[in-house]
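The values are calculated or read from the model by the stated rules, or taken from the named source; none is laboratory data. Treat the numbers as computed from the prediction; the structure is a model and nothing was measured. Cβ sites come from the backbone with ideal geometry, for glycine too, and all protein chains shown count toward neighbours.
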Amino acid sequence: MNNIENQEVFNTSKKSNQQKKILAVINLLLAVVSITLLVIIILKVIPFFQKQEKVLNKTNHIIQVEVLNACGAAGLADKFTDLLRSKKFDVVKTGNFVSFDIDNSFVIDRVGNKEFAYSLADSIGIDRANVIQQHNKNYYLDVTLVIGKDFNNLLNH
């Protein structure tokens, strides 16, 4: 009986070792799959946060923008609305400027924070010298973009 018991114990420990090896392989495969998925997720998420960083810029504020057509080209405010929204600006109003004979586009700071206006100007290629301030407590937006006849340069920036 002793031999039979020893054989059973040996067979049981053999099976136990095989099961441990199988579990180790399964755990290793799960670890590899988990790490691969983690790397893929990180690579997908990093560009998202980089885009968000552009939106908030240095101000941690989503900049609200008014876009005004000042050259008379049809549909221009809508084109710039799409462009600015793709750059994560919050375009809240579009329309026409008081005249259609403006040569150079400019940005108006409406709330006394030139960084908002500079951020918009920099994002579409308007020189910072073309940023002006016109504070208005009644405005619910941060900056106004006035699009002049130089709009093609800005669209291609």
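For Lys88, the requirement of being at pLDDT below 95 and either outside any helix (DSSP H, G or I) or surrounded by 17 or more Cβ atoms within 10 Å (Cβ to Cβ) (or both) is met. Total residues in segment 119-136 satisfying the condition of being over 19 Å from Ser86 (Cβ atoms) and under 24 Å from the mean Cα position of the chain (by Cα): the figure is 2. Checking each residue of segment 123-130 against the condition of being crowded, with 20+ Cβ neighbours inside 10 Å and either part of a strand (DSSP E or B) or modelled with pLDDT of 95 or more (or both) gives at least one match. Scanning segment 131-157 for residues being in a strand (DSSP E or B) and either farther than 15 Å from Gln64 by Cα or aliphatic (A, V, I, L, M) (or both) gives a total of 7.
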